[in-house]
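**Q** Following this message is one structure expressed as structure tokens.
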Amino acid sequence: MKVHEHQAKEIFRKYGLPVPRGYPAFDVKEAVEAAEQLGTWPVVVKAQIHSGGRGKAGGVKLAKSIEEVQQIASELLGKKLATFQTGPEGLPVSRLYIEEGTAIDKEYYVAITLDRSKSKPIIMVSAAGGMEIEEVAATNPEAIITHTVEPFIGLRSYHARELALKLSLPKNLVNKATSLFTTLYKLYIELDASMVEINPLVLTKDGNLVVLDAKVDFDDNGLFRHPDIMDMDDPTQISPLEVEAKKFNLNYIKLDGNIACMVNGAGLAMSTMDTIKLAGGEPANFLDVGGSANATQIANAFKIILSDPKVKAIFINIFGGILRCDRLAEGIITAAKDVSIDVPVIVRMEGTNVELGKKMLQESGLPLITADTMWEGALKAVEATKRR
């Protein structure tokens with residue numbers, strides 16, 4: 001789960017990290033009141049969306065007067081902001097963050113995330129802050145300093161101090177940076193975060209370290225321990241179909257293709273999308289129904305898939321384990337009664353009770369296209385889209 005910058009900064013503030021003063025605003029009047037409450041000029045008006053690259057897209061602007069705050073807030077609120085991360089469709093701006101201006105001398109980058117190849121957290125720091133870290137990694141990888149954290153030891157002060165020294169910070173700020181890094185790791189662990197990022201961490205003209213932008217992503221599997229963080233969820237930042245899928249414990253992500261996928265297991269879902277691409281098609285979604293889906297969930301999965309007008313075929317690719325093939329077949333038959341399925345449906349199933357599942361589908365009278373392998377199913381799905 002993602003949160004907005006102002007929410008991330010509120011969390012940082014609770015942990016004692018150096019965050020500039022600022023206030024969220026949900027309309028122009030609140031934006032003006034926030035600027036007046038800050039009482040210093042200039043202020044920064046920041047669009048709040050779940051995306052990086054807001055500054056380059058015109059979503060972060062400096063205001064030197066109340067009139068400028070009003071104008072900028074009016075221009076941003078209620079509009080969609082498109083960044084290099086959102087794509088051309090953009091994301092809606094329903095709130096702003098009004099923050100005091102900061103006199104910047106130098107910018108740095110700090111992040112903690114999980115290195116899945118090592119199954120351990122890593123902390124990354126760089127003196128190339130304020131830029132897209134992907135660009136830095138591609139063009140100047142030596143500029144990123146990485147430390148792998150042993151989970152049973154944690155990020156010790158001497159590890160953090162070594163990172164601070166490698167950033168060539170002013171000597172009087174090394175201890176402050178050391179404390180900042182260890183506190184950030186504490187936050188990462190205690191709140192079950194999947195990623196925390198400060199970009200940039202700035203050295204101000206008056207010689208202080210300040211968190212100028214903050215980003216925190218949380219592991220959904222740990223959210224049950226943090227109801228206060230769950231309350232920070234903003235459904236306007238994801239597609240309505242993804243919101244609907246969450247209600248039924250379905251993992252759904254909309255894509256731009258025309259072949260819908262219904263799969264059990266994230267790994268199989270990724271393989272299915274790759275196979276569709278290899279066969280010359282374009283997947284319309286990632287949809288993992290999970291290992292224990294029932295007929296109701298499968299019926300709702302069909303409804304969500306068919307709500308996408310781009311879908312021209314559905315490829316169901318199931319490996320029966322906990323989700324037995326006969327239960328899948330029951331779900332498909334139930335869905336066909338409840339939902340008007342007006343596109344070709346290709347079914348490939350294997351695993352527990354596969355013969356029973358196939359028999360149920362054959363005897364259902366439904367106009368299904370069957371396949372014995374994933375590759376055959378992908379080819380048939382691509383072919384089906386060409387006929388529509």
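Bear in mind these aren't lab numbers, they're just calculated from the coordinates by the rules spelled out. From a predicted model like this one, the values you see are computed outputs, not experimental measurements. Note that each Cβ is placed from the backbone with ideal geometry, even for glycine, and that neighbours are counted across all protein chains shown.
**Q** At 222 nm, what helix-only mean residue ellipticity would the chain give, in deg cm²/dmol to the nearest 500, using -39500 (n - 2.57) for each DSSP H run of four or more?
**A** Counting only the DSSP helices, I get -11000 deg cm²/dmol.
**Q** Answer rounded, prolate or oblate for region 326-385, using the Cα gyration tensor with square roots of eigenvalues a ≥ b ≥ c: rounded when a/c is under 1.5, else prolate when a/b is larger than b/c, else oblate.
**A** oblate
**Q** Same structure, new question: Which of the aspartates and glutamates could a cross-linker bridge to LYS247, judged by Cα under 16 Å and excluding same-chain residues fewer than eight apart?
**A** Partners found: ASP220, ASP231, ASP233, ASP234, ASP288.
**Q** Also: Based on the inverse mean of 1/r over its pairs of different Cα atoms, what is the Kirkwood hydrodynamic radius of region 97-242, in Å?
**A** 16.5
**Q** With all distinct Cα pairs included, what does the Kirkwood hydrodynamic radius of the chain come out to in Å, to one decimal, could you say?
**A** About 23.5 Å for the chain.
**Q** Measure nothing but the geometry: give the 0 to 90° angle between the long axis through the Cα atoms of 174-190 and the longest principal axis through the Cα atoms of the chain, rounded to 10°.
**A** 30
**Q** Where both partners of a DSSP beta bridge lie in the chain, what percent of those bridges are antiparallel, to the nearest 5?
**A** That works out to approximately 75 percent antiparallel.
**Q** Moving on. What is the gain in length, in nm to one decimal, between GLU383 and ASP192 on full extension, counting 0.36 nm per residue of separation less the C-alpha to C-alpha distance?
**A** 64.3 nm
**Q** What length, rounded to one decimal in nm, is gained on full extension from PHE84 through to LEU356, with 0.36 nm per residue of separation minus their alpha-carbon distance?
**A** 93.1 nm
**Q** Over the alpha carbons of region 1-149, what is the largest minus smallest coordinate on each principal axis, giving the biggest first in Å?
**A** 50, 36, 28
**Q** Which of the GluC sites (Glu not before Pro) found in region 69-175 are loop residues per DSSP with 10 or fewer other Cβ atoms within 10 Å of their Cβ?
**A** GLU89
**Q** So what are the radius of gyration and Dmax for the Cα set of region 193-258, in Å?
**A** So, for region 193-258, Rg and Dmax equal 17.0, 55 Å respectively.
**Q** Here is a follow-up. Is region 279-374 rounded, prolate or oblate when judged by the Cα gyration tensor, a ≥ b ≥ c being the square roots of its eigenvalues, rounded requiring a/c under 1.5 and prolate requiring a/b larger than b/c?
**A** Judged from the Cα gyration tensor, region 279-374 comes out rounded (a/c under 1.5).
**Q** Working from Cα positions, state the angle (0 to 90°, nearest 10) between the long axis of helix 354-364 and the longest principal axis of the chain.
**A** The angle comes out at about 70 degrees.
**Q** Could you please report the charge total around ILE332, scoring K, R as +1 and D, E as -1 over all other residues with beta-carbon less than 14 angstrom from its beta-carbon?
**A** Result for the neighbourhood of ILE332: +3.
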